[in-house]
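Notes follow once the structure below has been shown.
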Amino acid sequence: MTIKYQRIVAVLIVLLLAAELVHMGLKEKPEEEEIIVERPLLIWYTDPDIQDYMEAAAAETASRYQVEVRAELVSEVDYIEHISDKSVAEEMQGPDLYVASSALLEKAVLAGLAVPVKDTGLSDIYSEKAVQAVTYDGNVVARPFFIETCFMLYNRYYVKPEEVPQSIEGILAYAENFEADALTEKVEHIFKWNVADVINNYMFLGAYTNLGGPEGDDKQMVSMDLEQIISCMNYYQSLNGFFAIDADTVTSEEVIQEFIDGKSVFTIVNVPMLAELDRAVAAGEIPEYEEEEGAHFDPFYQVIQLPPLTDTLSSRGLSVTNSVVVNPYSSNVKAAEACARYLTQERADRLYEEAKKLTACKNLLGSSEPEEKEGIWGYQSLYDRLLGQSQTSPDGENADQYMTVYEAYEAAAEVPKIMELSNMWLQLEVVLADIWRGADAGERMTGFKELLETQLN
């Protein structure tokens, strides 16, 4: 082969490689959709925590597609009814799309306010759990947006990994053997959580309660194993004697601040509380610890899933999947669908940073080609984005914490969509508060079960 011929072959190879790289780049970049609207695109939401995210997303969508987009924060009171009234008015004044929790989806569908999602491969974009959360009567009726659930934290300076209790009973044993020293002198609470929050407390009966099957919409699958639940509730009540948390005054803000200050060893928190913890760490608002040689922890906390109550009593947390729903009364349905994709996929990696929410999207558009990562949640792209947003540990130690939160979400029971159960949380909150203060657990839980059965029938 002559030198001239070798050079020609080399040039051709380079050109082929360049063409392949361009082709791969085009494949990775989502195709732009052309949006034509008859009126400004209107998005409604009720959570003030996502206001910055929604307003920024509306502005970016408007710039991207050259259309007017408005995001409005509205009252959560009679939310679906308000959407319906505005949508069926002589002149449509309702939103083209709106953010709603999974608990509202049956009401939205029965009111004719949800366009089914026809996209294929949704389980490659979201987890199967998230897709089930937005499925009603066999149809996917919304796009998963962000998740909420509870999980446990412990202070790594106070508890060695090999000594982490494997149950709530184990935390009690830790408390009984606890002796303050120079390292733990700040500790005021071994275990503290917001006992006034029904979502936090659901773990104490969740393992023995079925809230309507995998998709939360089957009345025939609502059930409570009363005997086991009463045992759990008696155990729950007994914890007040150990930890003496005042249900009348405790708040989530107080709970996470005390953990940040090193005053608590163990706690139960949600995603916004975790985000506040990360903010405090990044701002340097945590105390210094009397460290043993070689014992430096960054971050100082560890996320773990909710443990069982005892060796014989299990636990299970609760989750809420917030979603974006397209309104069929919109004159801009295609535009609304494109906007819903943008909110829940293409821009979703900014949710934690801007709104203290964890995205339900596991395969973020605009990320590198998805690479399988061990674990139930799925893709490396989500892991990398959360690592990039981690404000605590640039070496990646903190990113696994978020994966544990997703695992807790996957293990949790989703709130039901069944309309007859819409007020069950207010009722359960009262029941749990009464039991915590000393009311008869069997009597109160039996009454609660009968109330649910009456509502369903």
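The values are calculated or read from the model by the stated rules, or taken from the named source; none is laboratory data. What you see is a predicted model, and the numbers here were worked out from it, not measured in a lab. Virtual Cβ from ideal backbone geometry, glycine too; neighbours counted across all protein chains shown. Surface accessibility is based on the protein's heavy atoms, side chains included, excluding ligands, DNA and RNA. Shrake-Rupley method; radii C 1.70, N 1.55, O 1.52, S 1.80 Å.
Rounded to whole numbers, the Karplus 3J(HN,Hα) couplings from phi for the range 234-242 are 5, 5, 4, 4, 5, 5, 5, x, 8 Hz, using 6.51 cos²θ - 1.76 cosθ + 1.60 with θ = phi - 60°, and x at Gly and Pro.
Each principal axis of the Cα atoms in the range 101-160 has its own extent, and those three values, largest first, are 53, 25, 16 angstrom. Here the 3J(HN,Hα) profile of the range 401-415, calculated from phi with Karplus coefficients 6.51, -1.76 and 1.60 at θ = phi - 60°, is 4, 5, 4, 5, 4, 5, 5, 5, 4, 5, 7, 7, 7, 7, 4 Hz, Gly and Pro shown as x. Going by the alpha-carbon gyration tensor, a ≥ b ≥ c the square roots of its eigenvalues, is the range 291-341 rounded (a/c under 1.5) or, if a/c is not under 1.5, prolate (a/b greater than b/c) versus oblate? It is oblate, given that a/c is not under 1.5 and a/b is not larger than b/c. With Rh defined as the Kirkwood radius, the inverse of the mean 1/r over Cα pairs, the Rg/Rh of the range 154-289 is 1.02. Given a 1.4 Å probe and every protein chain left where it sits, what share in percent of the accessible area of the range 165-209 is carbon and sulfur? C and S fraction of accessible area: 46 percent. Averaged over its residues, the range 161-296 has an accessible area of 46 Å² per residue, based on protein heavy atoms and a 1.4 Å probe. Scanning residues 5 or more positions from Val140 or on other chains, those with amide H under 5 Å from its amide H are Val117, with H placed 1.01 Å from N in the peptide plane. Applying 1/(1 + (r/R0)^6) with r as the Cβ-Cβ distance of Asp440 and Ser63 and R0 = 56 angstrom yields a FRET efficiency of 0.40. Near Ala413, the amide H atoms lying under 5 Å from its own belong to Gly317, Leu318, Ser319; only residues 5 or more places off or on other chains count, and H is placed 1.01 Å from N. Spin-label model, Trp425/Asp261: points 7 Å from Cα along the beta carbon direction are separated by 2.9 nm.
Each of Asp298 and Arg70 was given a label point 7 Å from its Cα along the Cα-to-Cβ line. The distance between the two points is 4.8 nm.
Express the C-alpha Rg of the range 67-208 as a ratio against the empirical globular expectation 2.2 N^0.38 Å, rounded to two decimals.
Dividing the Cα Rg of the range 67-208 by 2.2 N^0.38 Å gives 1.57.
For the range 245-258, the Karplus equation 6.51 cos²θ - 1.76 cosθ + 1.60, evaluated at θ = phi - 60°, returns couplings of 8, 7, 5, 7, 10, 5, 9, 5, 4, 5, 4, 6, 5, 5 Hz by residue, with Gly and Pro reported as x. Note on Trp436: accessible area is roughly 10 Å² with a 1.4 Å probe, heavy atoms of protein only. Dividing the C-alpha radius of gyration of the range 223-374 by 2.2 N^0.38 Å, with N its residue count, gives 1.42.
Taking amide H as placed 1.01 Å from N in the peptide plane, the amide H of Leu358 sits under 5 Å from that of Ile147, each at least 5 places away or on another chain.
Averaged per residue, the range 76-120 has 49 square angstrom of accessible surface, using a 1.4 angstrom probe with ligands and nucleic acids left out.
Model label points for Gln228 and Ala111, set 7 angstrom from Cα along the Cα-to-Cβ axis, are 3.6 nm apart. Take every pair of alpha-carbon atoms less than 8 Å apart whose residues are at least six positions apart; their mean separation over the length of the range 137-221 yields a relative contact order of 24 percent. For the range 89-145, the fraction of 1.4 Å probe accessible surface lying on carbon and sulfur atoms is 46 percent.
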